[in-house]
Every structure is written in structure tokens, then in C-alpha cells.
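The structure under discussion appears below in the form of C-alpha cells.
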Amino acid sequence: MTLTPRIAALLTLPAMLWAGNALLGRLLAPSMPPLLLNCLRWWLALAILLPLGWRAVATPERRAQIRARWRPLAVLGLLGVGAYNALQYLALHTSTPINVTLIASSIPVWMMLVGAIFYRERPRPTQLLGALLSLAGVVIVLVRGDLLQIGSIRLVAGDLWILVAALSWAGYSWQLARPPASMSGEQRPDWNWAEALMVQVLFGLAWATLSAVGEAIWMPQPVLWSPTVVAALVFIAVGPSLVAYRCWGLGVGAVGPALAGFFANLTPLFAALLSAALLGEPPHVYHAVAFALIVGGIFVSNRR
């Protein structure tokens, strides 16, 4: 399917919501440990999903469908729920929302790499050029706008965490677009979107809860509860979790993960605007240059 205004809107909304997620992840860093934040986010999202998706586990037959597909569902839960968001919150403890979202703009590169290695999906020349433009934008962020420092890049821990998160998200998106036989066609259970997402969240919560328990044992951090923290958790559970994942799934299914990945690169624009308004972290000139390269990658990759 070609890129239509409706699909473009579906893929743009997650970028807006994920920018808010990055901002709140930074704001909540002093109040809550990152893996616990990810765990609580998805438990709350599950509570919201239950009235919509409970039929997925309502009968023994439906639960048997899930057990028969536990391997691909466990992978989806790990990559999309258990790993990506946890790694992003870890990154925001040592990096800024602008840097984290810009570095995550390398997602198209990882999309193409995963597609080429595991799915034999050869990218078009225009997609390769678009990915190079996006990667150039990431490099500009890493060197803080000074290209003379490219040989001496020193990544902070957050920069490395978000690079791993980008690879995780690429794998998750390809699993959505190219599911195994048991999760596609007539073999796929008759789940609506809420039921399918709830099953993913159930498996992802297993990973998220285990990691939060490990964090509490080996890296304890007190939780500073407040009305602001509760409100932020509710927003994260509804917007960046449920609404964004639903829109992203529709968009990836319509145009494929390679092109959809470029729309995730709109997240830095919204993150920069929110950071300047609420965190007092205004973007620099090199951020604008990086964003121009990223947007250019979107347009170039969509040309045939």
C-alpha cells in the first residue's frame, strides 16, 4: 500500500506520544527506578486493556491458542514491551530526551539490517540513501555538532542503551510485519486489536516484572510518590503504550516496517519542543541540522 495522509497521520501520532514518554521518563528519573517504571507502566496498561481484550483468555480453548504460540508471543513481548521501553528509561537517566530520541533515529538502519539478514528483504537504493541521511543525523548528535571530534566519540551510558533499544524495536516491528505461520493468515487466532495487544503485554510483563525485581535487589532506589508521578504513569500507560502501539501496528501493516521506521524519526522534533518548554533544555543548532537530515531521510526513502 502507498503512503496516504491517513497512514502518515497514524505513524506520526506515535512519534508525538513517544516524545512525551521520553520527556516524562527524564522527569521521573529522580522519583522512580527505570525498570520499575517500565513494569508499572505495563501493569497499568494491562488493567486498562482488560475490559477490551479479556476474551483472549476467557475460555480454555482461547488459552490453549496462546500456549500453542508462546514462543513468538514471548519474543514479541520481550522486544516490544519488556526491552525497548526499559532500555529507553535506562538511557534517560544519563542522557537527555533530545539526544535519546535523535539516537533512536537510527531505527531505519536497524530495520533494514534485520530485514536483510533475517527476512531477505533487500532495501531499495532510495531507502539506503534515506538511512544514510538518518545515520548522519545521529552522528551529528553523538559528536555534539563538532565533526572534528568524530574520531573521539565518547558515548555516555544512555547513548549505548538507546542504540540497543533501537535494535530491539526493529526486531519487534519485523515480527509484526512478517509473523510466523502460526500468527498469520488462517492460523492466526481470531483476536481483535485489543486482544492481540493484551496477549503481547501479558508476555512482556513477565520480562518487565523479572527485570524490575532484579533491579530492586541489585540496584535499589526509593520511589518518591506524588500526584505528578501518578498522573505521569497514567499518561504513559494510555498514550505511548496503548494508543501509540495500536497506531504503529496499523501503520506498519499498511506500508511495512522499513518506511514506517522513518516516521519514528519525527520523535526528536516533538522531544525538542517539549524539552525546551518544560525542562529548560533548548535544542542547539546541531539538533536542527540532525533533524533536517532525518526528515530528508523520510522523503528520500519514500521516493521510488
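The values are calculated or read from the model by the stated rules, or taken from the named source; none is laboratory data. None of the values given here were measured: they were computed from a predicted structure. Please note: Cβ atoms are built from the backbone with ideal geometry, for glycine as well, and neighbour counts cover all protein chains shown.
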- Query: Can you spot a residue in segment 194-216 that is under 16 Å from the mean Cα position of the chain (by Cα), of a type outside the set (D, E, K, R) and more than 20 Å from LEU36 (Cβ to Cβ)?
  - Reply: yes
- Task: Kindly check whether there is at least one residue in segment 146-160 that is surrounded by 15 or more Cβ atoms within 10 Å (Cβ to Cβ) and not small (Gly, Ala, Ser).
- Result: yes
- Task: Give me the pairs, please: first residue somewhere in segment 157-169 and closer than 20 Å to TRP248 by Cα, second residue anywhere and among the aromatic types (Phe, Trp, Tyr) and buried (at least 19 other Cβ atoms within 10 Å of the Cβ), beta-carbon distance under 8 Å, and either six or more positions apart or on two chains.
- Result: ALA165/TYR84; ALA166/TRP110; LEU167/TRP110; SER168/TYR84; TRP169/TYR84; TRP169/TRP110
- Message: Given the condition modelled with pLDDT under 90, surrounded by fewer than 18 Cβ atoms within 10 Å (Cβ to Cβ) and aliphatic (A, V, I, L, M), answer yes or no: does some residue in segment 169-190 qualify?
- Response: yes
- Task: Among the numbered conditions (1) under 21 Å from the mean Cα position of the chain (by Cα); (2) touching a residue at least 40 places away in the same chain (Cβ under 8 Å), tell me where VAL285 comes up short.
- Result: (1)
- Task: Read through the list (1) of a type in the set (A, V, I, L, M); (2) at pLDDT 85 or above; (3) closer than 20 Å to ALA272 by Cβ; (4) in contact with a Gly (Cβ under 7 Å, 6 or more places away or on another chain), then give the number of the only condition that LEU163 fails.
- Result: (4)
- Query: Can we say VAL230 is crowded, with 20+ Cβ neighbours inside 10 Å, more than 21 Å from TYR84 (Cα to Cα) and either modelled with pLDDT under 85 or not acidic (Asp, Glu) (or both)?
  - Reply: no
- Query: Which of the residues that make up segment 154-195 are polar (S, T, N, Q) and in a helix (DSSP H, G or I)?
  - Reply: SER168, SER173, GLN175, SER182, GLN187
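So which of PHE270, PHE235, PHE299 ends up being part of a helix (DSSP H, G or I), among the aromatic types (Phe, Trp, Tyr) and buried (at least 20 other Cβ atoms within 10 Å of the Cβ)? Before you say what the answer is, go through the steps one by one.
Values: PHE235 fails: buried (at least 20 other Cβ atoms within 10 Å of the Cβ); PHE299 fails: buried (at least 20 other Cβ atoms within 10 Å of the Cβ).
Going through PHE270, PHE235, PHE299 in turn, just one is part of a helix (DSSP H, G or I), among the aromatic types (Phe, Trp, Tyr) and buried (at least 20 other Cβ atoms within 10 Å of the Cβ): PHE270.
In the list ALA260, ALA208, which residue meets the criterion of being within 28 Å of ARG26 (Cβ to Cβ), buried (at least 16 other Cβ atoms within 10 Å of the Cβ) and modelled with pLDDT of 90 or more?
Step by step, each of ALA260, ALA208 is checked, and only ALA208 is within 28 Å of ARG26 (Cβ to Cβ), buried (at least 16 other Cβ atoms within 10 Å of the Cβ) and modelled with pLDDT of 90 or more.
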- Query: CYS39 fails exactly one of the following numbered conditions: (1) modelled with pLDDT of 90 or more; (2) under 21 Å from GLN175 (Cα atoms). What is the number of that condition?
  - Reply: (2)
- Filtering segment 116-130 for residues that are in contact (Cβ under 8 Å) with a residue 12 or more places away in the chain and surrounded by fewer than 23 Cβ atoms within 10 Å (Cβ to Cβ) leaves a count of 8
- Message: under 21 Å from HIS284 (Cβ atoms) and touching a Ser or Thr at 6+ places or on another chain (Cβ under 8 Å): which single residue out of PRO72, PRO108, PRO97 fits that description?
- Response: PRO97
- Return the only residue of ARG122, ARG144 being out of contact with any Pro (no Cβ under 8 Å at 6 or more places or on another chain), on the phi > 0 side of the Ramachandran plot and not in a helix (DSSP H, G or I). ARG144
- So ALA277, is it over 15 Å from the mean Cα position of the chain (by Cα) and without any contact (Cβ under 8 Å) to a residue 24 or more places away in the chain: yes
- Note on the structure: Residues in segment 278-296 that are modelled with pLDDT of 75 or more, part of a helix (DSSP H, G or I) and either out of contact with any helix residue (DSSP H, G or I) (no Cβ under 7 Å at 6 or more places or on another chain) or within 26 Å of GLY171 (Cα to Cα) (or both) total 7
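Out of GLY251, GLY280, which single residue is surrounded by 19 or more Cβ atoms within 10 Å (Cβ to Cβ), of a type in the set (Gly, Ala, Ser) and farther than 19 Å from VAL201 by Cα?
On the way: GLY280 fails: surrounded by 19 or more Cβ atoms within 10 Å (Cβ to Cβ).
The match here is GLY251.
Residue-by-condition table, conditions (1) in contact with a Cys (Cβ under 8 Å, 6 or more places away or on another chain); (2) hydroxyl-bearing (Ser, Thr, Tyr); (3) over 30 Å from GLY130 (Cα atoms):
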| position | (1), (2), (3) |
| --- | --- |
| ALA208 | yes, no, yes |
| GLN221 | no, no, yes |
| ALA232 | no, no, yes |
| PHE235 | no, no, yes |
| ARG246 | no, no, no |
| GLY253 | no, no, no |
| PRO257 | no, no, no |
| ALA264 | no, no, no |
| PRO268 | no, no, no |
